[in-house]
Amino acid sequence: MSRRDRLAINPLPFLLEGSGLDLSPERLRATFDDIARAGYTAVHADVPPQFTPSEYGELLSSFGLRPAPGYFGGFFDDPDARRDTIEGARRQAAATAELGVDTMFIAQHMCDARRAHPAVGVESSAERVAIMADGLELAAQAARAEGVTAALHPHVGSWIEVEEEVRGVLDRTDGGALAFGPDTGHLAFAGTHPVELVADYRERVAAIHLKDLDTAAAARVLAEGTSYFEATRTDRIWAEPGAGGLDLVGVLDALPEDFGGWYVVEVDLPKHGSPFDSAVLSLENLLALPYFAGGAR
């Protein structure tokens with residue numbers, strides 16, 4: 001499968017409605033029609049509650065789309081909730097495997113303290129990092145038993161946000177089942193150099209979210225102490241790949257030469273135009289890169 005064939009999109013901006021997601025069949029069909037018209041062949045896939053994995057796969061297929069890795073979040077910082085969290089990850093992995101996908105992103109849920117003061121690592125704790133790492137590794141082992149690789153997805157606004165925390169989890173789980181699923185935008189917003197981090201853990205990368213960053217807007221919201229909600233919804237710090245200030249070429253080149261994982265475009269809310277316009281711009285920008293131009297690997 002070529003690199004182009006492994007390029008997917010997260011449908012999030014098409015589905016956001018207020019503070020939640022509209023997952024009605026009507027909205028999903030309109031979304032998948034738009035995504036297919038934009039030129040994509042695969043979609044970040046989390047099975048909605050009203051569908052079985054088989055039914056959801058059939059819906060995607062009816063628009064000429066394939067499922068790509070979805071996302072599982074949990075409270076890995078809470079040892080008392082560990083059993084339920086790991087079981088939730090296992091169920092997500094089972095649904096992912098039934099869709100025919102062998103990878104999923106896995107993350108620590110966001111928290112109030114870091115929603116209010118994002119990207120600066122407030123209330124950091126090495127002990128908490130160790131607790132989360134142990135829980136994530138157990139969840140990854142449960143996913144592996146279902147035939148799915150769970151890839152750590154650092155997220156601004158969560159307890160795995162800044163570089164020290166990301167490296168802490170990855171280093172503590174080295175040699176285990178937990179892989180790495182970086183997001184270029186989240187890493188950069190939290191002060192990490194995505195090229196360097198991806199290069200350092202390149203052999204563990206199983207899938208990657210391609211998100212750009214309006215670096216001027218990000219600097220402004222950090223200086224002003226803006227909340228995550230305002231930074232992403234009002235200031236629109238996230239940008240379509242190639243429309244921000246990140247070295248995405250460097251990130252892609254830092255991946256292994258034989259990288260066989262997924263590339264998922266993710267722009268929570270469009271920086272330019274409508275969700276459809278944003279999707280088209282993202283794809284055009286990426287396909288203009290030598291990395292994707294006819295890449296057979």
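The values are calculated or read from the model by the stated rules, or taken from the named source; none is laboratory data. These numbers come from a predicted model, not from an experiment. Positions of Cβ are backbone-derived with ideal geometry, glycine not excepted, and every protein chain shown enters the neighbour counts. To get the accessible areas, we keep the full protein, side chains included, count just its heavy atoms, and leave off ligands, DNA and RNA. Shrake-Rupley method; radii C 1.70, N 1.55, O 1.52, S 1.80 Å.
Numerical summary
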{"quantity": "Residue within segment 219-228 that is among the aliphatic types (A, V, I, L, M), open to solvent by 70 Å² or more (accessible area, probe 1.4 Å) and modelled with pLDDT of 95 or more present", "calculated": "yes"}
{"quantity": "Pairs with Cβ under 6 Å, 6+ apart, first in segment 36-51 and in contact (Cβ under 8 Å) with a residue 24 or more places away in the chain and in a helix (DSSP H, G or I), second surrounded by fewer than 15 Cβ atoms within 10 Å (Cβ to Cβ) and not charged (D, E, K, R)", "calculated": "Ala36/Gly64"}
{"quantity": "Boolean, Gly64 is over 21 Å from Ala145 (Cβ atoms) and either at pLDDT 95 or above or open to solvent by less than 50 Å² (accessible area, probe 1.4 Å) (or both)", "calculated": "yes"}
{"quantity": "Near pairs, Cβ below 9 angstrom, 6+ apart or cross-chain, from segment 68-97 (without any contact (Cβ under 8 Å) to a residue 24 or more places away in the chain) to any residue that is open to solvent by 40 Å² or more (accessible area, probe 1.4 Å) and part of a helix (DSSP H, G or I)", "calculated": "Asp78/Ile131"}
{"quantity": "Unique residue being of a type in the set (D, E, K, R) and farther than 30 Å from Asp34 by Cβ when the list is Glu123, Glu58, Glu98", "calculated": "Glu123"}
{"quantity": "Checking Ile237 against (1) in contact (Cβ under 8 Å) with a residue 40 or more places away in the chain; (2) surrounded by 15 or more Cβ atoms within 10 Å (Cβ to Cβ); (3) within 28 Å of Val101 (Cβ to Cβ); (4) within 17 Å of the chain's Cα centre (by Cα), the condition it does not meet", "calculated": "(3)"}
{"quantity": "Residue check for Ala207: open to solvent by less than 10 Å² (accessible area, probe 1.4 Å) and within 16 Å of the chain's Cα centre (by Cα)", "calculated": "yes"}
{"quantity": "Residue within segment 74-90 that is under 23 Å from Pro49 (Cα atoms) and under 16 Å from the mean Cα position of the chain (by Cα) present", "calculated": "yes"}
{"quantity": "Only one of Ala293, Ala216 that is open to solvent by 10 Å² or more (accessible area, probe 1.4 Å), small (Gly, Ala, Ser) and farther than 20 Å from Ala42 by Cβ", "calculated": "Ala216"}
